[in-house]
Amino acid sequence: MSLQTLSPHHSISLPSPNPNHSNGLGFDWPLRSVRHEGFKVCSVMSRDTRTQTQTQTQTQARKTDVLRLIDEAEESLFRTGKFGRFGGIFVPETLVTCLKMLLSEFNLCMHDPLFQGELSAALRDYVGRETPLYFAQRLTDHYKSSRGGEGPDIYLKREDLNHGGAHKINNALAQAMLAKRMGRRSVVAATGAGQHGVATAAACAKLAMECTIIMGNLDMERQSSNVLLMKHLGAEVKSVPGTFKDATSEAIREWVGDLERKYYLAGTAVGPHPCPAMVREFQSIIGIETRRQAMEKWGGKPDVLVACVGSGSNALGMFHEFVRDEDVRLIGVEAAGTGMDGETHSATLAKGEIGVYHGAMTYLLQDHEGQIIGPHSVGVGLEYPGVSPELSFMREITRAEFHTATDEEALDAYALLCRLEGICPALEAAHALAHLGKLCPTLPDGAKVVVNCSGRGDKDIETVSKYQQLKNGSVSDRNKSNHPTKTTSNVVNI
Ligand SMILES: Cc1ncc(COP(=O)(O)O)c(C=O)c1O
């Protein structure tokens, strides 16, 4: 049975809570407590002040409401597998036992000092953490120059400097270690841009595990350097017709065919519980480091965090640590592809409808019959018709804002960062950078913006060169149908 055709009623109940555990829920990896702070209202006020105070009061009440919803969701997550009404475990019964075992092992790992110690050491010595929080002086000056020298300070969280060139290794390594603990010897994973494939192949080589990476044939053409890299790292790379969504379905099928031996290594925060929560936890190191580094650099928190949204792992990795800091704006940027008017985009949160896909309820790009609409983005890793259930929840409770950037805006942002900072970002990360053009003019002087530079763009140089040639009119008309139609300012030719 295909995971995607299961009805929403096909959910399962999770193991009952263990009352001996500290939070009474049975699954008690760090639940962060929240202080609901009251607010003072002066007794004598002018009408203006009163109106202002009422507005502040309403805003505060709304914010406190948001925090309450986050707390409730987080507490019920380990009982229900859901973030509000999103997420869940919409899978065939054969998978349920496996997912319960995974949840239980994950919970053990989160409390096992030995596992945590080994993971920290590997993240430090193998992955190269912590990654720098880099002040992008010239990028900052670029945006300030159009406002008479005023504007926010832009920092980049350099996940591109991780081993393998992206944030994906944080999660791939941790899950491969967990798989090994569970006695699995063979890992299967799906990849789109190839970054999760490279990360998984590397982790499996390090841990002496078999590795199969499944990839859509279209993605294999577009990210051919990563396909070679995965093979060099010892992985078997299997092609399926289509793109990332097709590869994911095939990887899950392969896993279901040999549950005893294989481990399905989810590369992003989608799929049935506990996959979204687990990937988020393993990626949350990004935000934890960011908080510490911000405190060291400017003695405070970031004002705004910006991350691209494919399926959600780099965004949640950055956001999770700050989700209860009401004064920190969280901005996710989806791929608008060739524009939001047609269907060639990957803007699931902007344009999707709620449905069930790959074992969870979330926003989806689907037609009126519930069939998936194929996503598009120049950032191959953003092409997924669904999105993390946690981001669907954050959108619903208005804890995070979501915007879009077109292919062309992302390509311009890529060029800008190359030229101004000597950093070549992955086209996925370039979508987050592209949003700066709209964001910076709205922020006060000196505001601190942190953009998650989720990966490096080596894999994209052919794609970028092709687009640049198209822009310069030097490619035959035959290929022009792929050319993005929208134009933007801030173009930097490379
Ligand atoms: C560098 C990079 N950033 C972002 C993404 C998008 O994935 P996610 O939304 O899970 O971070 C990918 C996916 O392959 C990627 O390679």
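All of the numbers you see were taken from the coordinates with simple rules; none came from a lab. Not measured: the values here are computed from a predicted model. So basically every Cβ, Gly included, is an ideal-geometry build from the backbone, and we count neighbours across all protein chains shown.
Which value does Rg/Rh take for the stretch 237-311 over its C-alpha atoms, Rh per Kirkwood? Provide the component values of the computation, followed by the final result.
Working: Rg = 17.5 Å, Rh = 15.2 Å.
Radius of gyration over Kirkwood radius for the stretch 237-311 works out to 1.15.
So which GluC sites (Glu not before Pro) in the stretch 206-285 pass both tests, a DSSP loop state and at most 12 other Cβ atoms within 10 Å of the Cβ? Don't skip to the end; give the middle numbers.
Working: sites: GLU210, GLU221, GLU236, GLU250, GLU254, GLU260, GLU281; in loops: GLU260.
Here the sparse-neighbourhood loop sites are GLU260.
Report, ordered by chain and residue number, the lysines lying within cross-link reach of LYS297, taken as a straight Cα distance under 19 Å and ignoring same-chain residues fewer than 8 apart.
LYS157, LYS448
For the stretch 149-234, just list the percent of Cα-Cα distances falling in each 5 Å bin from zero outward, please.
Spelled out per bin, shortest first, that is 3, 15, 24, 21, 15, 9, 5, 4, 3, 2, 1, 0.
Quick check: residue separation of GLN137 and ILE372 times 0.36 nm, minus the Cα distance between them. What number comes out in nm?
So the chain would gain 80.4 nm between GLN137 and ILE372.
Bin by bin, in steps of 10 Å, what percent of the Cα pairs in the stretch 298-356 do you find, going until the bin that has the longest distance?
Bins of 10 Å from zero give 21, 41, 28, 9, 1 percent of pairs.
Excluding residues on the same chain fewer than 8 positions from LYS262, give the lysines whose Cα lies under 23 Å from its Cα.
LYS100, LYS168, LYS180, LYS206, LYS231, LYS238, LYS245
Quick one: what do you get for the stretch 226-272 if you divide its Cα Rg by 2.2 N^0.38 Å?
That ratio works out to 1.23.
Relative to 2.2 N^0.38 Å, what does the C-alpha radius of gyration of the stretch 413-459 come to as a ratio? Two decimals please. Mind dumping the intermediate values first?
Numbers: Rg = 11.1 Å, N = 47, 2.2 N^0.38 = 9.5 Å.
So the stretch 413-459 has a normalised radius of gyration of 1.17.
Hull surface divided by four, with the convex hull built on the Cα atoms of the stretch 243-364: how many nm²? Mind dumping the intermediate values first?
On the way: hull surface 37.6 nm².
Convex hull of Cα atoms, orientation-averaged projection: 9.4 nm².
On a full-extension model of 0.36 nm per residue, what is the gain between GLN56 and SER225, subtracting their alpha-carbon distance, rounded to one decimal in nm?
55.6 nm
For the stretch 80-179, what ratio Rg/Rh do Cα atoms give with a Kirkwood hydrodynamic radius? Numbers along the way, then the final one.
Numbers: Rg = 20.3 Å, Rh = 17.2 Å.
Radius of gyration relative to Kirkwood radius: 1.18.
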